[in-house]
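Remarks on the structure that follows.
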Amino acid sequence: MPHIIYNGQRIDYKVSKKGKKMITIRVNEKGEVIVTAPPVADDDFIRMFVEKGANLILEKLKELGKNKKDEKKKEFKTGKRLPFLGSELTLKVIVDDVDKIRAYKKDCELIVCVPKLLDKTERQQHINDIIIKWYKEQAKKIFKIRLDYYSRKYGFEYKRMAVKEQRTRWGSCSTKGNINLNWRLLFAPIDVIDHVIIHELCHLKHHNHSKSFWNEIKSIDPDYESKKKWLKENEKLIFSII
């Protein structure tokens, strides 16, 4: 197989000659470098073209390797640890003669039952989906309890609460009094969840981030800055779990 050496790294590549005017390079999901070239392109010209694109090729290969590691990291099998309210649940996968997949908590385990008929790929996808569904169901219950507790204690009145899949924020509060909370907050300790809830409730009185808004938060949650710091430091980890 043809190859080049770039910065001490070997790059193997395959050549596919087709009736095209331009030469192109792509890296497929298997990590193979494919060069598509016109029939008239000779080996030396193709090699020089690969050398010019070597830096980009290595970046693509590095990204592909990272993605594969992330997929392996996210593989859901018995023994995997999942954060929950500042503690951890141990995943237990049971493959059995069941009609449908389901998940439930028992003591410190999150038990997922999956049908035998599913192949490995399907099984992983279904386990991923049911775990997310389980977290969202818990979020609806737990967030509602905490939201109602702080609303009653400090005299806030909200209209509606919804659990959302949000990639850029932990929560939000509309001018109509509707509060949205990110289900991934369940990966955080309960006092951090409370901090986000208090933050959104305070927006019912202050629809901004003024000094009055932060003073309102501080009157309820004097140590709110440590919770903000926790979220900032753990944000990438939280969004990489599932």
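Worth pointing out:
- Share antiparallel - DSSP beta bridges, the stretch 66-161, percent rounded to 5: 55
- Of the residues ASP44, ASP96, ASP129, the one that moves most in a GNM of the chain with alpha-carbon contacts below 10 Å is ASP44.
- Interatomic Cα distance distribution for the chain, bins of 5 angstrom, percent: 1, 5, 11, 12, 11, 9, 8, 8, 9, 8, 7, 5, 3, 2, 1, 0
- Where both bridge residues fall in the stretch 1-60, DSSP classifies roughly 65% of the beta bridges as antiparallel.
- Heavy-atom accessible area for LYS144, with the other protein chains in place and a 1.4 Å probe, reaches approximately 90 Å².
- Cα-based equivalent ellipsoid, the stretch 1-112: semi-axes from gyration tensor eigenvalues, Å: 48, 17, 10
- Among beta bridges from DSSP that stay inside the chain, the antiparallel ones total about 55%.
- Out-of-range pairs (alpha-carbon distance over 18 Å; input LYS92/LYS141; LYS105/LYS133; LYS30/LYS116; LYS105/LYS229; LYS144/LYS228; LYS100/LYS120): LYS92/LYS141; LYS30/LYS116; LYS105/LYS229; LYS144/LYS228
- The shape of the stretch 92-231 can be summarised by an equivalent ellipsoid whose semi-axes, obtained from the alpha carbon gyration tensor, come to 36, 14, 13 Å from longest to shortest.
- Computed with every protein chain present, the accessible area of TRP170 is close to 40 Å² [probe 1.4 Å].
- Sequence of MET48, MET161, MET1 when ordered by accessible area, the most exposed leading, probe 1.4 angstrom: MET1, MET48, MET161
- Size of electric dipole in the chain: Cβ of Lys, Arg +1 and of Asp, Glu -1, about Cα centre, debye, nearest 20: 400
- Translational D in µm²/s for the stretch 84-161 (Stokes-Einstein at 20 °C, 1.002 mPa s, Kirkwood Rh from C-alpha pairs): 147
- Counting Lys and Arg as +1 and Asp and Glu as -1 over every other residue whose Cβ lies under 10 Å from the Cβ of PHE239, the net charge comes to +2.
- Relative contact order (percent, whole number), the chain, Cα cutoff 8 Å, 6+ residue spacing: 11
The values are calculated or read from the model by the stated rules, or taken from the named source; none is laboratory data. For clarity, every value in this text was computed on a predicted model and none was experimentally measured. We place every Cβ from the backbone using ideal geometry, glycine too, and count neighbours over all the protein chains shown. The accessibility values were calculated without ligands, DNA or RNA, using every heavy atom of the protein model including side chains. Shrake-Rupley method; radii C 1.70, N 1.55, O 1.52, S 1.80 Å.
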